[in-house]
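Shown next, in structure tokens, is the structure this report addresses.
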Number of protein chains: 2
Amino acid sequence: MTYIYPELNSSQINTLVNEINHYSLSNGLVMYKDLENLKNETAVAPVTLYPTILPKKSFEKAVAIQKAYNELYANILLDNTNWLDTVIKSISEFDADFTGKLYELYLKYQNDTTYKKQNKELGIFRNDFLLHENKDKTYDLKEVEFNTISVSFGALSTKVSALHSFLHESGYYKGEVKSSFDERNLEVPVSDSLANIASSIKYGVDTFETQQNIKNTIVLFVVQPNERNVFDQRLIEYELFNKYKIKAKRITIDEVEGKINKKQDSYLYYNDDVISLVYFRSCYSPNDFQSEKSWNNRLFLETSLAIKTPTLKMQLAGSKKIQQLVSSPEILEKFISDKETSNNLLNTFVKIHPLDDSAEGKYAKELINQNDSKVLDNFVLKPQREGGGNNIYKSDIYPFLKENIPDEKEWAGYILMELINAQPTKGNTILRNNQLYNVDILSELGIFGTVLIDTDTKKIEYNSYDGWLLRSKLSDSNEGGVAAGFGCVDSIALV
Amino acid sequence: MTYIYPELNSSQINTLVNEINHYSLSNGLVMYKDLENLKNETAVAPVTLYPTILPKKSFEKAVAIQKAYNELYANILLDNTNWLDTVIKSISEFDADFTGKLYELYLKYQNDTTYKKQNKELGIFRNDFLLHENKDKTYDLKEVEFNTISVSFGALSTKVSALHSFLHESGYYKGEVKSSFDERNLEVPVSDSLANIASSIKYGVDTFETQQNIKNTIVLFVVQPNERNVFDQRLIEYELFNKYKIKAKRITIDEVEGKINKKQDSYLYYNDDVISLVYFRSCYSPNDFQSEKSWNNRLFLETSLAIKTPTLKMQLAGSKKIQQLVSSPEILEKFISDKETSNNLLNTFVKIHPLDDSAEGKYAKELINQNDSKVLDNFVLKPQREGGGNNIYKSDIYPFLKENIPDEKEWAGYILMELINAQPTKGNTILRNNQLYNVDILSELGIFGTVLIDTDTKKIEYNSYDGWLLRSKLSDSNEGGVAAGFGCVDSIALV
């Protein structure tokens, strides 16, 4: 695929950058510049000058399959056979400090008889894909990971795609030489993720209010302290208020004790307001739990009648181990009975090997121990637990395991995943802190989706596709958190 | 009137300020911090912590009378008797450098036979009021001035009122002691000015496109270079694009030559796009015309088929002299025949004296020359021309005239206006560059309105009320431009 990005002269680039700055500052496409400066000054969020071009067919496939993914994870949670519990128990042994602690909380929650339990669970998910180039130069979107907690950039994705659409339609992408952006069939869509995520949260609030026959409840956003990406969260809150008059409060997990009360009715209260929904934009990494108090607070929220987005169990269902297991057709058919649907799902999976004592696990460990760079260059090693920044790539895999985890039994805390052959995009440019970076980028497509399940009736009550996100990073950087500082928010142009 | 503003403790104030910062940065309620830093960093616009409380009755009167004001100025422009031309000619003699130059351009435009003339004129107005306290402690809104060009803060007014509404409804105004904000009948409305001004501009575009049987025209924003308040303008542009797919371009008056072409059809072109509407957010003060080229460019725009918002004639109709003349019942009835309407208008006028050779003018000059502070303390001296920052108050009037304008004949360039007895608000707080100012403030209410007139048929084709604005300033500062640095955007709470 060779797409041609606009070649603008320096005066056109200056105009374009000025347009991006004005649009971003007018529309909340912003981020705090650094953690020391969380006051009233912000910078334009890191963005690309142009939306990145994607084949329309691949994009539409990813959108079309989101509800099947939602259904898969919903069915894993609704399953009667204890399958999920068994899997989580097994992996919690290899990640005692985090997965193990979450599992421990989950067991405490299950055994708690003091408070009434909520049978509704709301999941706001994001499924991340890379565009894989096949040997025959055709393309398929392949799943990187399925996120079940704290999925971010839903709001900024709407903003950056609206920015790119504005720039494209206003003619700011017209250079002196013809580019792909001059073609009539090129579309620059706007992601509805901000509106859709707010609408999903409203669905959760309505569900609680109907169930409890109560009105004017509020949403609790559990957030990290010193969040640079706070505007991505606040925009959802303002959307809830402006469209639905639903109010929200923000606290960190450590502020729960003192600010949140639970009464005999098992309701959570913020002052006099009943909390219908606890929406986690935190609690997904070990760093979010600074002390035993943090863990206790997390359990305190779980053992309440408020709907949790997500519950501990739903969060644990997002483990890489689950992703690895369902990539096997035999396990997948436990949860998705329709043959065509499961085939479609399988087409988006890459090979994922366990590193445990199963036959497949032994095979994969043998693969690593041979330390053949030609083989290992096709793999990435990922920990079971959530949160980026811990992946080990290619030739780093063998020395990493040997040095850090001498006991091969403990390798089971990781999975070995086939690397996706994603090709860098040439010709786009990153704008970051008013500096331009003309670099090759790699882009990851995220698809948002929501389910609301009832664990009593074992039914999926709501299943929706909620928009999309494109994040891009320097193609030579292996990790790409936008807020963390190596990547940027991007959007898509479809051909 | 004693209204009680919330008394928050320091922790509540910190929370409130954090909420204001997040909301403002997420929603474009921003302004460039200083002229040297017009890049990608902004600050929250100067705002009040609380909306300022106004009597609902007075506010509703100001809203209700806007269409009559629109009609008055439309009729002045549509008048067949040459009245306006004569008045402008007379005052242009006393303000040769600005009013005189505008009038000269207007004459050149009138005499130009090269290009086709546009018979539609769009006026986007703002009528500014102060709340006058009568001797019997009743209150009336009194008109300060009627603005016919470059009315600002329509967009930020929507944003700041939405902010105050959000804060009020979210409970951030609940202090430990009961305040007026705890009363059930207190309303914090949101101004529709952003949406309405964009809709008025769309009306102008549609009018041109229907008249010329043409599509996809664009709007030209003529702006000042280095505009700190640029976001107030861009938000209108984004509203036009998002709602109506109408595109706009921004240029300064000095950039017209080089960027704008005019062809035989008298259309204005920006590249290949026909400009249907020229929207002036500049050209209202002498500083906007740095050279003869600026004046030529202004004439170039006027002598085109594009609809001008406003035309030179409409701009000149906003002179203080016109405001003074229509405050006389005999002149007012020339333009407003309905007795009830003209009485309602007269009720909002204060006494305005000319300083010319008429009997009333002689009386007023005598008043000044007596230099009696008890008398002059009730007056403000204003130049005929547009733009703030040039008013002379109270005891400064006599020495100002004596020192600067020794020839009394030239005093006719000014009007002497009765000061409105506006009482300061105590208890509100200004937030500016992250600093809090607990000061008495004076608030000016602006009411937006639009007319579209046809100078051929002599008909008003469109007349609308377009929302409102409240600006507040330190009560001991006589001038209050927000962008200039002494004031802030505020909103209203109605009781």
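Backbone amide hydrogens, once placed in the peptide plane, bring A:K33 within less than 5 Å of A:A43, excluding anything fewer than 5 places away on its chain.
Maximal additional length on extending the A:E366-A:A64 stretch stands at 105.0 nm, based on 0.36 nm per residue less the C-alpha distance.
Sorting the Cα pairs of the protein assembly as shown by distance into bins of 10 Å, from 0 upward, gives 2, 10, 18, 20, 18, 13, 9, 6, 3, 1, 0 percent per bin.
With +1 on each Lys and Arg Cβ and -1 on each Asp and Glu Cβ, how big is the dipole of segment A:351-419 about its Cα centre, in debye rounded to the nearest 20? Spell out each step's value before the answer.
On the way: 9 positive and 13 negative charges, 29 e Å.
Value, rounded to 20: 140 debye.
Remind me, relative contact order of segment B:351-419 in percent, using alpha carbon pairs under 8 angstrom and six or more residues apart? Over segment B:351-419, the number comes to 45 percent. For segment B:240-283, state which residues have at least 10 Å² less accessible area in the presence of all protein chains than in their chain by itself, taking the probe as 1.4 Å and leaving out ligands, DNA and RNA. Residues shielded by partner chains are B:F241, B:N242, B:K245, B:K247, B:K249.
Using a 1.4 Å probe and counting only protein heavy atoms, how much accessible surface gets buried when A and B come together, both sides summed, in Å² to the nearest 100?
Working: alone 21400 and 21430 Å², together 39570 Å².
Heavy-atom accessible area buried at this interface is about 3300 Å².
Accessible surface for segment A:351-419, divided over its residues, is 50 Å² per residue with a 1.4 Å probe.
In order along segment A:129-134, the phi-based Karplus estimate (6.51 cos²θ - 1.76 cosθ + 1.60, θ = phi - 60°) of 3J(HN,Hα) comes to 10, 10, 8, 8, 8, 7 Hz; Gly and Pro are listed as x.
Plainly put, the tip 7 Å out from Cα toward Cβ on A:D396 is 6.6 nm from that tip on each other copy, the closest given first.
If Lys and Arg each add +1 and Asp and Glu each add -1, what is the summed charge of the other residues whose beta carbon sits under 15 Å from the beta carbon of B:L194?
Details: positive: B:R126, B:K159, B:K202, B:R234, B:K243, B:R281; negative: B:D192, B:D232, B:E237, B:E239, B:D466.
Overall, the nearby charge balance is +1.
For the pair A:Y437 and A:Y244, a Förster radius of 25 Å applied to the C-beta separation gives a FRET efficiency near 0.05, rounded to the nearest 0.05.
Within 10 Å of the Cβ of each residue in A:16-23, the mean number of Cβ atoms contributed by other protein chains is 4. With 22 Å as the limit on Cα-Cα distance, the pairs of B:K313/B:K402; B:K135/B:K426; A:K339/A:K459 that go past it are B:K313/B:K402.
For the protein assembly as shown, the antiparallel share of DSSP beta bridges with both residues in that region comes to about 75%.
Based on the Kirkwood approach, the hydrodynamic radius assigned to segment A:1-159 is 20.7 Å, with every pair of different Cα atoms included. For segment B:351-419, the spherically averaged projection of the C-alpha convex hull amounts to 4.2 nm². Note on B:D265 and A:K117: the model spin-label points, each 7 Å out from Cα along the C-beta direction, lie 7.3 nm apart.
Annotation: amide H-H contacts under 5 Å for A:N147 (H modelled 1.01 Å from N, sequence separation of 5 or more, or interchain): A:R126, A:N127, A:D128. Taken along its principal axes, the alpha carbon cloud of chain A reaches lengths of 71, 58, 46 Å, longest axis first. Distances between copies at A:D372, taken between label points 7 Å from Cα along the C-beta direction, are 11.0 nm in increasing order. Solvent-accessible area of chain B (1.4 angstrom probe, protein heavy atoms only): carbon and sulfur portion equals 45 percent. Under a straight-distance cross-link criterion of Cα-Cα below 17 Å, which lysines are reachable from B:K57, leaving out those fewer than 8 residues away in the same chain? The reachable lysines, counting only those whose Cα sits under 17 Å from B:K57, are B:K137, B:K142.
Peptides A:159-167, B:72-80: what's the order by average Cβ count within 10 Å, highest mean first?
Details: A:159-167: 24.8, B:72-80: 19.1.
Result, highest mean Cβ count within 10 Å first: A:159-167, B:72-80.
Only DSSP H runs of four or more residues enter the estimate; each adds -39500 (n - 2.57), and after division by the residues of chain A the mean residue ellipticity at 222 nm equals -11000 deg cm²/dmol. Candidates B:L345, B:L299, B:Q323 compared by Cα position along the dipole of chain B: farthest toward the positive end lies B:L299, with charges placed on Cβ.
What is the local net charge at B:A162, summed over the other residues whose Cβ is closer than 12 Å to its Cβ (Lys, Arg +1; Asp, Glu -1)? Mind dumping the intermediate values first?
Numbers: positive: B:K159; negative: B:E169, B:D192.
My count for the surroundings of B:A162 gives -1.
About the centre of its Cα atoms, chain B shows a dipole size close to 900 debye [charges on the beta carbon of Lys, Arg (+1) and Asp, Glu (-1) only; nearest 20 debye]. Would you mind pulling out the separation of the Cα centroids of segment B:275-308 and segment A:196-260, in Å? Between the Cα centre of segment B:275-308 and that of segment A:196-260, the gap is 49 Å. Going from the chain on its own to the full set of protein chains, segment B:422-454 has these residues losing 10 Å² or more of accessible surface (heavy atoms, 1.4 Å probe, no ligands, DNA or RNA): B:N434. What separates the B:N261 label point from its copies, with the point 7 Å along Cα to Cβ, is 7.3 nm, written shortest first. Taking a sphere under 13 Å around the Cβ of A:L16 and counting the other residues whose Cβ falls inside, with K and R at +1 and D and E at -1, yields a net charge of -1.
The values are calculated or read from the model by the stated rules, or taken from the named source; none is laboratory data. Note that the structure is predicted; figures quoted are calculated from it, not measured. Positions of Cβ are backbone-derived with ideal geometry, glycine not excepted, and every protein chain shown enters the neighbour counts. Note: accessible area is taken over every heavy atom of the protein model, side chains too, but ligands, DNA and RNA are not part of it. Shrake-Rupley method; radii C 1.70, N 1.55, O 1.52, S 1.80 Å.
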